[in-house]
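Following: one structure in structure tokens, then a few remarks.
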Amino acid sequence: MRRSEALLFMSRETTDHENETVQLTHRAGLARQLGSGLYAKAPVGQRICEKVVAHIEREMDAIGGQQVSLPALNGDGIWKQSGRWESFEGEMLTLENREGKQLCLAPSHEEGMVSLVDGVVRSYEDLPLLLYQVTAKYRDDHARNGLLRTKEFTMKDAYSFHGSREPEEGEGSARRSGEERPASRDSLDEWYERVKAAYVRIFEGLGIDFAIVSADNSVMGGSNSEEFVALAETGTVELRFCTAEHCRFGVTDESPRGNLSAGDSCPECGSNLSAGEGIEIGHVFKLGTRYSEAMDLTVDGADGTEESVVMGSYGIGVERLLHVLVEQHADEDGCRWPGEASVAPFEVAVVPLEYAGELREAADRLYDGCGRDETLLFDDDSQTIGERFAESDLLGVPWKVVLGNHFRETGEVELESRDGETRYVAIEDVPEIVG
Ligand SMILES: [Zn+2]
């Protein structure tokens, strides 16, 4: 993208935003507040979120998830059936249409997913099944901390469905041979672990530091659940977490074993626990038959009798991830996007000393060679070179290619990483290095 054509929302204003992460989100122009708890993503924030979502989708597809998309607007019927109409901890946004019909903007989609598969999934042979979507959710929550708590937000939510036949004698060994279907609770347990492992890969791929916390099922119901909580300087929960490298053990005040404190031994590996704040970024639930029974979702079992359906649900908040990425990786110059899953808004910035003559020609060559969509070409000569560097760093572009006197003299460009490492390379090698 040409800098002269890009609509960037970067701002030099210092604001009275709650904390540094919210301020930086504003300064880097990722999002713009349009009302209390209402945010628009600016082009740069949108680009990052799209890459985050693509990364999540890859992992969900890899474990056999199938993507769907449910309407945000729900009739009251399914919510009354499940018993959650107007409950949802007082956060449900309801409205009435011109025919006097009651509707809500869905705060979650357990009810919607049950009605999606009802009548289509008929036999135990159709299960297990994992459906997911990336759509807006609405909660009439108290707005706080920029993108952290908003009334409308994007969620990747997934739902698994399993039969409920009880395991039979000797079935375990048959299942291992792959000939028998897993019994219900085993199937839920297995898919729950599979989704959890995918979540670990999703967060690790983004370079996020997080703990996994046993949690309360609260408004979702069901048997048990775990939260993925990112470490944060300013968070929403008090967190104690294990300091050992591959241990993800954590507790919050609400979790079982919430009385553990910093300095105690980790119950899982024996290392020391440390204390800090955290931000919930994902949640996985074993729902059991909480929704299927209330909404009468059943399948025909192997012996012809009706069996109820066991469910799990699994969520990741997308804008929260954006906030956490800024929070955990930023430095004094701005955003950084160091994870293996590259989510930087642009891969490379091309910074000519001036956009004219042979430097312009070389800059244009790099612009094409590195891919126009992933390249921010500083082609606007009203900016000083210092301003171009500062903008590129504020946005967290991982590479800057500098075209200046060194290039004129030697034909080599100066390639600088976001962390300040510099080397000189032949211009034709740039696309491969930054790609
Ligand atoms: Zn541990």
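Tabulated values for the structure
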item	result
Unique residue being at pLDDT 95 or above and not β-branched (V, I, T) when the list is E340, E432	E432
Restricting the stretch 226-237 to residues that are part of a loop (DSSP other than H, G, I, E, B) and out of contact with any Asp or Glu (no Cβ under 6 Å at 6 or more places or on another chain), the residue that is farthest from the ligand (Cβ to nearest atom)	T234
The one condition in (1) more than 16 Å from the ligand (Cβ to nearest atom); (2) free of Cβ contacts under 8 Å to residues at least 40 places away in the same chain; (3) of a type in the set (K, R) that R240 fails to fulfil	(1)
Residue in the stretch 32-53 that is at pLDDT below 95, surrounded by 13 or more Cβ atoms within 10 Å (Cβ to Cβ) and on the phi > 0 side of the Ramachandran plot present	yes
Some residue of the stretch 247-256 being more than 11 Å from V213 (Cα to Cα) and either among the polar types (S, T, N, Q) or within 9 Å of the ligand (Cβ to nearest atom) (or both)	yes
Leading residue by the ranking (surrounded by the most Cβ atoms within 10 Å (Cβ to Cβ)) among those in the stretch 248-276 that are more than 17 Å from G235 (Cα to Cα) and charged (D, E, K, R)	R248
Options L366, L273: the member that is away from the ligand (no atom under 16 Å from the Cβ) and modelled with pLDDT of 95 or more	L366
Of all residues making up the stretch 261-279, the number that are more than 17 Å from E226 (Cα to Cα) and free of Cβ contacts under 8 Å to residues at least 24 places away in the same chain	5
Enumerated strands (runs of 3 or more DSSP E) restricted to the stretch 241-354, each holding at least 3 residues that are under 28 Å from the mean Cα position of the chain (by Cα)	249-252, 273-288, 310-317
Filter pass, L403 being in contact with a Leu (Cβ under 9 Å, 6 or more places away or on another chain), crowded, with 19+ Cβ neighbours inside 10 Å and touching a residue at least 12 places away in the same chain (Cβ under 8 Å)	yes
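Conditions tested, residue by residue: (1) of a type in the set (V, I, T); (2) without any contact (Cβ under 8 Å) to a residue 60 or more places away in the chain; (3) closer than 15 Å to M295 by Cβ.
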| position | (1), (2), (3) |
| --- | --- |
| Q102 | no, yes, no |
| S115 | no, no, yes |
| V120 | yes, yes, yes |
| L127 | no, no, no |
| Y132 | no, no, no |
| R139 | no, yes, no |
| G146 | no, no, no |
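The values are calculated or read from the model by the stated rules, or taken from the named source; none is laboratory data. Everything numeric in this text was worked out from a predicted model, so none of it was measured. Methodologically, a virtual Cβ is constructed for each residue, glycine included, from the backbone with ideal geometry; neighbour enumeration extends over all protein chains shown.
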